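Only one structure is covered here, and it is reproduced in the block below.
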Amino acid sequence: MNKSFAFAIALMALLSSSALAQDTPGGGKGAKVTLVYNHELPNVPGKSMKGVLVEYAPGGFSEGHTHPASAFIYATVLEGAIRSQVNDGPVKIYKADESFSELPGDRHGVSENASKTESAKLLAVFVVDTAQKELTFPIGNSGMTN
C-alpha cells in the first residue's frame, strides 16, 4: 500500500469522524480510542472496513491486547511517534507517516506514545467480520471470537 493511498484512507476516516465518531473500549492511561469509519465491503460479503483513531496524550498507552480472529489491521502514525510491539517481535518506534500491520491472531503487547512531552495519533484500519462489534480484547480475555 503506498503512502498516498494510506493518506487517503486516513483523511477519509478523519473527515467522516463527525458523523461516525464514538468512543470504543481499548484505551489505557492517556489513550482515547474512537471509531471514525465503518463501511461494509460490497465486494467482500460479510466483511467491513473500520477505521479507529487512537489518540495518546504525552506518556499515554494502551493495555496489551488482541483483536478479533477475523481482523487484519493496517496502522499509520498520523502525528508524533508510537512505540509498538507485535507478538514476540522487537519493540519498534514508528514516526508520522510510517505504518505497520497486524495479522489475525497477533498480540499487541506494547502500544504507547514514544514521547512524554508530545501527543501522538494513530489510525488503525481494520478489515474484519461485519458482525464483529468489539475490536479490542485485553490479553488473556477469553471473549475473543472468530
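Residue check: is A81 surrounded by 15 or more Cβ atoms within 10 Å (Cβ to Cβ) and among the small types (G, A, S)?
On the way: surrounded by 15 or more Cβ atoms within 10 Å (Cβ to Cβ): yes; among the small types (G, A, S): yes.
So A81 passes the test.
Any residue at all in the stretch 120-143 that's surrounded by 17 or more Cβ atoms within 10 Å (Cβ to Cβ) and among the charged types (D, E, K, R)? Walk me through how you get there before you give the answer.
Initial filter on the stretch 120-143 (surrounded by 17 or more Cβ atoms within 10 Å (Cβ to Cβ)): 120-126, 128, 130, 132, 135-137.
Now restrict to residues that are among the charged types (D, E, K, R): 121.
Scanning the stretch 120-143, I find at least one residue that is surrounded by 17 or more Cβ atoms within 10 Å (Cβ to Cβ) and among the charged types (D, E, K, R), so the answer is yes.
How many of the residues in the stretch 85-132 are outside any strand (DSSP E or B), polar (S, T, N, Q) and either farther than 17 Å from G64 by Cβ or at pLDDT 95 or above (or both)? If you could, list the steps in order and put the result at the bottom.
Taking the stretch 85-132 and keeping what is outside any strand (DSSP E or B), we get 87-91, 96-98, 103-106, 114-119, 130-132.
Those still in the list that are polar (S, T, N, Q) too: 87, 115, 117, 119, 130, 132.
Filter again for either farther than 17 Å from G64 by Cβ or at pLDDT 95 or above (or both), leaving 115, 117, 119, 130, 132.
So the answer is 5.
Could you list all residues from the stretch 49-84 that are assigned to a loop (DSSP other than H, G, I, E, B) and within 19 Å of V36 (Cβ to Cβ)? Spell out how you get there, then give the answer.
In the first step, residues of the stretch 49-84 are kept if they are assigned to a loop (DSSP other than H, G, I, E, B); the result is 57-60, 63-64, 67-71, 80.
Hits for the stretch 49-84 are A57, G60, H67, P68, A71, G80.
The values are calculated or read from the model by the stated rules, or taken from the named source; none is laboratory data. Not measured: the values here are computed from a predicted model. Neighbour counts run over all protein chains shown; Cβ positions are idealised from the backbone, glycine included.
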